[in-house]
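Only the coordinates and a few stated rules stand behind these numbers; no lab work does. Quantities reported herein were computed from a predicted structural model and do not represent experimental measurements. Cβ placement follows ideal geometry from the backbone for every residue including glycine, while neighbour counts extend to all protein chains displayed.
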Amino acid sequence: MKIVNLSQRTPDWLAWRAQGVTASEAAVILGRSPYRTPWRLWAEKTGLCLPDDLSNNPFVQRGIALEDTARQGFEERHDTLLLPVCAEHTDHPALRCSFDGLTERDEPVELKVPAQKTWDAVARGGEASLAYGLYWVQVQFQLAVAEAARGWLVFDPVRSNARALEFVIERDTAFIEQTLIPACLAFHEAVRKRQEPTPDPQRDCFIPTGDEQLQWERLAAQYRAAERRAKVLKAELKGLKAEMTEAQRGLVGLMGDFLLADQADLRVLRYRQQGSVDYAAALEALVPDLDPAVLETHRRPASARVRVTLKHADEGTEPAVAPTEKPRRRRWTSSVPTSEPAADPVDGPTTEPHPEHDPIGYF
């Protein structure tokens, strides 16, 4: 493995995590998590939506506050030291781990500070419990990155009269090489290329029923009618702009070398406008080694938008995008640009950690 010199829970650490696949995301990617789907995780990592804000979640706060105590408890029970480090897979650097601790033998130790209900479920079900199954995948990911033969999964509620539940996790080489790594790399590539995975029809898609279904059908009919009318008006507007362009060219031709004309309630001014700066090219030329993560700190806040696509629309019909926030006003003139304006930058991925079951396991 390749050790990365980062302090956990810092902005640089969050940016580093966002650019790869982490151990806490493995169960989601494999479709084994009841809390998030692969499509939802893809949407979060591509910036289409924000993960839940957990900063004020009491379970998250408690988990973070007690992580050091849980680590010290393991060290005392096993007479060892745990080193919390960040690392990347030697051959696949997109696979990244923020270890709660590595033993002196580089064995990963995953610490969970669960609620009493979760601890009780693990105590009763052991390896058959939901929590164990989810975090077994997480530890296998860590074993792949750490190149270790075994690791530890620890559920320590850090409460009096409640013992820590410890499980030794043996490396499952077949699972890692044939299932885990290929799936995580494929997901990472899908995020990088913005290739949308198939949504779960039950968990990712809203299905109206009862009165909501009637409202949906009414609103859908309203939208389709408005879209058809908009298409007619768009074609009419296109024709009017073509007429304006033709007249403008004729007027400019009549002016010859003159820059200004003011006749028949029409004023025409010929002028030169300075071109815009190609900031992407400028950055590449001036700062060729700039880390993309640095640019993310200067990105403007994202805005929520909605895309509606008519499934049976005529070929060539564009989906409508309706911003839910008031867009910036643009100034329109009759001048005909010689080139298309640059597209707005795509909102980047967010980097906040997202929980599935117990908060401490996601840091």
> When the chain is fully extended, how far beyond the present Cα-Cα distance does Lys311 get from Ser276, taking 0.36 nm per residue of separation?
Replying inline: 8.8 nm
>> Here are labelled values, [x] 21.7; [y] 25.1; [z] 20.7, and one is the computed Kirkwood radius over Cα pairs in Å for what I pasted. Which one?
In response: [y]
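Can you tell me how the stretch 1-68 classifies by the Cα gyration tensor, rounded, prolate or oblate, using a/c under 1.5 as the rounded cut?
Details: a/c = 1.56, a/b = 1.16, b/c = 1.34.
Note, shape of the stretch 1-68 comes out oblate.
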> Could the peptides 293-304, 130-141 be put in order, highest first, of the mean number of other beta-carbon atoms found within 10 Å of their residues?
Replying inline: 130-141, 293-304
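Highest mean first, what order results for 198-204, 28-34, 156-162 on Cβ atoms within 10 Å?
Working: 198-204: 11.4, 28-34: 17.6, 156-162: 14.6.
Those peptides, ordered most packed to least, come out 28-34, 156-162, 198-204.
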> Tell me, what is the FRET efficiency for Tyr223 and Val268 to the nearest 0.05, using R0 = 45 angstrom and their Cβ-Cβ distance as r?
Replying inline: 0.65
> Can you give the charge dipole size of the chain about its Cα centre, rounded to the nearest 20 debye, using +1 on the beta carbon of Lys and Arg and -1 on the beta carbon of Asp and Glu?
Replying inline: 1600
> Which percentage, to the nearest 5, of the DSSP beta bridges contained in the chain is antiparallel?
Replying inline: 80
> Size of the dipole of the stretch 195-319 about the Cα centre, Lys and Arg at +1 and Asp and Glu at -1 on the beta carbon, nothing else charged, in debye to 20?
Replying inline: 520
>> As I understand it, the dipole of the chain uses +1 on the Cβ of Lys and Arg and -1 on the Cβ of Asp and Glu, about the Cα centre. Which of Thr118, Ala285, Pro11 lies farthest toward its positive end?
In response: Ala285
> In straight Cα distance, which lysines are under 28 Å from Lys238, not counting same-chain residues fewer than 8 positions off?
Replying inline: Lys311, Lys326
>> Given the options Ala70, Ala87, Trp42, identify the residue whose Cα lies farthest towards the positive end of the charge dipole of the stretch 39-97 (+1 on Cβ of Lys, Arg; -1 on Cβ of Asp, Glu).
In response: Trp42
>> If the reach is capped at under 24 angstrom between alpha carbons, list the lysines near Lys2, excluding any in the same chain fewer than eight residues apart.
In response: Lys45
> Cα axis of helix 116-125 to longest principal axis of the chain: angle in degrees, 0 to 90, nearest 10?
Replying inline: 60
>> Loop-only GluC sites (Glu not before Pro) in the stretch 63-109, please: DSSP not H, G, I, E or B, and at most 15 other Cβ atoms within 10 Å.
In response: Glu104
> Sorting Leu48, Leu143 on the 10 Å Cβ count, fewest up front, what's the list?
Replying inline: Leu48, Leu143
